[in-house]
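Structure first, commentary second.
Here, each number is a calculation from the coordinates, and none is a lab measurement. Only a predicted model underlies this, so the values are computations on that prediction, with no experimental measurement involved. Every residue, glycine among them, receives a Cβ derived from its backbone with ideal geometry; neighbour counts consider all protein chains shown.
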Amino acid sequence: MSHPPHYHADSGAIRFWVMVDEQLVGASISSATLHYRYRPTEQGDDPLETYHKHEQDLAAAVRRRVAGGSIEPVMLREYDLRSPA
C-alpha cells in the first residue's frame, strides 16, 4: 500500500512515510523548516515541491532519527537536516 506525501494544512507540515527496515515509518516536517533549510530567499515556495526536490535527504534524516531511537511519528527539525561534519 502506497502512502503519497501530502501537505497537512492544519499543522502546516508535509506528512510522508519512509521505509525503514522493511517497515513504513510516518514522518513530518514543517513547511517553515523546509523553507528556511532549502529555499530561504524565495517567496511563495510550495512546500510539497520542496519536499519532492529533497526527498532523499529527508528520508535519510528520518532513518538517522529512527536509528537513534526515535519512534513514529518522526518530526524532522532543522537540526536533523544539518550537513554532516
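Applying a threshold of 7 Å to beta carbon distances and a minimum spacing of six or more residues, or different chains, the list of pairs starting in the range 69-80 at a residue that is in contact (Cβ under 8 Å) with a residue 24 or more places away in the chain and ending at one that is among the basic types (Lys, Arg) and surrounded by 12 or more Cβ atoms within 10 Å (Cβ to Cβ) reads VAL74/ARG65; GLU78/ARG37. With respect to the stated conditions, THR41 fails to be of a type in the set (S, T, N, Q) and under 13 Å from the mean Cα position of the chain (by Cα).
Take the conditions under 11 Å from the mean Cα position of the chain (by Cα) and basic (Lys, Arg) and apply them to ARG15. Does it pass? Yes: the conditions hold for ARG15. Looking across the range 66-85, the residues that are in contact with a Ser or Thr (Cβ under 8 Å, 6 or more places away or on another chain) and either in a loop (DSSP other than H, G, I, E, B) or within 12 Å of ILE14 (Cβ to Cβ) (or both) come down to PRO73, MET75, LEU76, ARG77. Within the range 66-84, the residues that satisfy the criterion of being within 15 Å of ARG39 (Cα to Cα) and surrounded by fewer than 17 Cβ atoms within 10 Å (Cβ to Cβ) are GLU78, ARG82.
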